[in-house]
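The values are calculated or read from the model by the stated rules, or taken from the named source; none is laboratory data. Keep in mind that this is a model prediction, so the values were computed, not measured. No Cβ is skipped: glycine too gets one built from the backbone with ideal geometry, and neighbour counts run over all protein chains shown.
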Amino acid sequence: MKYKLLSILFLVSILNSSELQIKANSFNADENTGISIFKGNVKIKKSNDELNASKVTVYTNENKEPTKFVAVGNVSFSIQTKEKAIYKGVAQKAIYIPATKEYHFFKNVHLKQVDDKKEIIGDEVLLNTIEGKAYAKGIESEPVIMIFDIADDKNETQE
């Protein structure tokens, strides 16, 4: 029980720029491997970012710093980039790499840039929160779909 409590306290304080909060129905940690697993209605909140999933695995290095978060099952998210753009969406799997501040989303990805009314639908989407750039791939049977909200030019002459 001591190790679980220490691991929980560690995970809450791992990212020093702001508090990281993880809520789940169950939690298991192995300090030897640096792997912590959260299962059941997992909700992660850090600053303005939120990530929800059925299961989240957190990988840490020898200094007990997180190197990767892997979320699987009914993933939903709300992410704010360095430039304050807000992205919301869903996927079946998400991987977050803290060192590069990149999110990788997989399977049935639907990503919306809320403040700019852009959407990406694909099978694999990468979002870099520092650069504010997104990259997408489709699968052979389903291409990537990009949706823009383009305002009509009201000064056009009508025929």
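Numbers below:
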{"item": "Residue within segment 30-50 that is out of contact with any His (no Cβ under 8 Å at 6 or more places or on another chain), acidic (Asp, Glu) and exposed (fewer than 15 other Cβ atoms within 10 Å of the Cβ) present", "result": "yes"}
{"item": "Residue that is at pLDDT below 95, in a loop (DSSP other than H, G, I, E, B), closer than 24 Å to Val114 by Cβ and of a type outside the set (Phe, Trp, Tyr), where the choices are Glu62, Glu83", "result": "Glu83"}
{"item": "Some residue of segment 13-31 being assigned to a helix (DSSP H, G or I) and at pLDDT below 85", "result": "yes"}
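Residues checked against (1) under 25 Å from Thr67 (Cα atoms); (2) at pLDDT 70 or above; (3) exposed (fewer than 14 other Cβ atoms within 10 Å of the Cβ):
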site	(1), (2), (3)
His104	yes, yes, no
Val109	yes, yes, no
Lys112	no, yes, no
Gly132	yes, yes, no
Ser141	no, no, yes
